[in-house]
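Just so it is clear, none of the values below were taken in a lab; they were calculated from the coordinates. Quick caveat, the model's predicted, so the values are computed rather than measured. A quick note on method: Cβ atoms are made from the backbone with ideal geometry, for glycine too, and the neighbour counts reach across all protein chains shown.
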Amino acid sequence: MESISRTVRETELLENLAWVQRLARRLVTDQAEAADVAQDAMVAALERPPRWTSIGGLRSWLTRVTQSMARQRRRAETARRFREQAAYPARNAPSTFDVVARTALQQRIVAAVLGLEEPDRTVVLQRHVDGLSARKIAER
C-alpha cells in the first residue's frame, strides 16, 4: 500500500464534524462549551491543515486538536476564576456596618474595663490581655 502525504480537504473535515462534536461533548460537560471546543478544532484544521499519510491520520489529528482545545479552555477558565477571586473580596467578608458595630462594641468594653476599680481591673487585663491563667494571677 502506497503512503502518500496529503493535506486535508474541507469535505473531509465536514465528514468528520459530527465525530468531533461527539468527542468534544465527552471531553467537556457543558453543551455550549463542547460546541465551542468542536468549532475551535475545526477552525484550527482549516487555518493550519494537517498533513497525514493514512486514512486514520485525520481522525487521530482531530482527536489531538480537540483534546488540546478542551485543555486550553479548562486552563483559561481556571485562570479566569483565580483572577476574579483575587480581584473581588470574599462574598462572606463582613460588611462595613458589621465592622463599625464590632469596633463600637470593643470601645465600650475597653471603657467598661478601664472603669473598674483595682484589683478587678488588673485581674481582667492580666487574664484577657496578657493571657495569664487564673493560677498565675492568684500567685501575683
message: I want to verify a result. In a Gaussian network model of the chain, Cα cutoff 10 Å, which of these has the top mean-square fluctuation: Gln126, Gln107, Gln31?
response: Gln126
task: Taking the Cα centre of the chain as origin, sum charge times position over the Cβ atoms of Lys and Arg (+1) and Asp and Glu (-1), and report the length of that vector in debye to the nearest 20.
output: 340
- prompt: Hey, what angle do you get for helix 10-27 against the long axis of the chain, alpha-carbon based, 0 to 90 degrees rounded to 10?
  reply: 30
message: P(r) for the chain, please, calculated from all Cα pair distances in 10 Å bins and given in %.
response: 10, 22, 14, 10, 8, 8, 10, 10, 6, 2, 0
- prompt: FRET efficiency for Thr96 and Arg75, Cβ-Cβ distance as r, R0 = 41 Å, nearest 0.05?
  reply: 0.70
- prompt: Which of Val113, Val43, Val20 moves most in a GNM of the chain, Cα contacts under 10 Å?
  reply: Val113
statement: Here the gain from full extension of Ala138 to Glu47, 0.36 nm per residue of separation minus their alpha-carbon distance, amounts to 24.5 nm
message: Spelling out what I want: for every residue of segment 93-105, take phi, set θ = phi - 60°, compute 6.51 cos²θ - 1.76 cosθ + 1.60 (Karplus), and round to whole Hz; glycine and proline get x.
response: 6, x, 6, 4, 4, 5, 5, 5, 5, 5, 5, 5, 5
- prompt: From the residues Leu62, Thr103, Thr78, which one has its Cα farthest along the dipole of segment 46-133 in the positive direction, the dipole being from +1 and -1 charges on Cβ of Lys/Arg and Asp/Glu about the Cα centre?
  reply: Leu62
